[in-house]
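Throughout, read-outs are computed from the coordinates displayed, never taken from laboratory work. Because the structure is predicted, anything quoted here is derived from the model rather than measured. Quick reminder, even Gly has a Cβ in these numbers, built from the backbone with ideal geometry, and neighbours come from all protein chains shown.
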Ligand code: GLN
């Protein structure tokens, strides 16, 4: 099993470490260039600056590869800036770098600026997994609207902060910056079950 973390800018090392902590035997790779995405079984788009990552994806020819990867049913997880890029719409912005696999509308930086970053315990509700987890918010987007096929896995202040549509998971916060492996574990399980269904 191979997991790729998109390495244009942002929290790449942190994601790599989380997967290593969970399972030392899986192949975890950095994806810096076109041609590698299709060799992965699951990919992560990290937090960072969505405009910078989006520009990089286009410039390097990785944008369509990621879109095709997701459309083919393979698992993708986006955190913060990654969630923004996976969404269909950004409130009051015209963007040409949205991969559009999550039917949601997000408003950027809506939980406040860098200095208003915060951590909080929130409740996860995913299949039979119901537990509290630690969520770190840094210039996080607010999910303003979700489509009918989107499942909300967690909320904060009544706004969705973790969503899933088929094979795609989007998180407003940064699981890679906490000690909490919950979401990386959920993602690995999704990748494993996707691989099993192919056999
Ligand atoms: N505010 C950033 C953006 O719009 C996302 C912040 C983050 O990933 N921590 O891209």
**Request:** Rank 174, 184, 15 by mean-square fluctuation in a GNM of the chain with C-alpha springs under 10 angstrom and give only the top-ranked residue.
**Result:** 184
**Prompt:** Over what distance in Å are the Cα centres of region 173-191 and region 84-160 separated?
**Reply:** 15
**Prompt:** What distance in nm separates the simple spin-label points at residue 91 and residue 134, each placed 7 Å from Cα in the Cβ direction?
**Reply:** 2.9
**Asked** Where in region 146-182 does the label zone of residue 119 land, with the point 7 angstrom along Cα→C-beta and an amide N cut-off under 18 Å?
**Response** 172-182
**Message:** Suppose we look only past 21 Å in the calculated P(r) of the chain. What percent of the Cα-Cα pairs does that tail hold?
**Reply:** 46
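What FRET efficiency do you get for residue 13 and residue 34 if R0 is 22 Å and r is their Cβ-Cβ distance, rounded to the nearest 0.05? Don't skip to the end; give the middle numbers.
Working: r = 22 Å, r/R0 = 0.99.
Computed FRET efficiency for residue 13 and residue 34: 0.50.
More than 14 angstrom separation, counting every C-alpha pair in region 90-142; what % is that?
Working: 911 of 1378 pairs.
Within region 90-142, distances greater than 14 Å cover 66 percent of Cα pairs.
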**Item:** Label-point gap, in nm, between residue 23 and residue 181 - each point 7 angstrom along Cα→Cβ
**Value:** 1.1
**Item:** Theoretical FRET efficiency, 1/(1+(r/R0)^6), r = Cβ-Cβ of residue 159 and residue 196, R0 22 Å, to 0.05
**Value:** 0.05
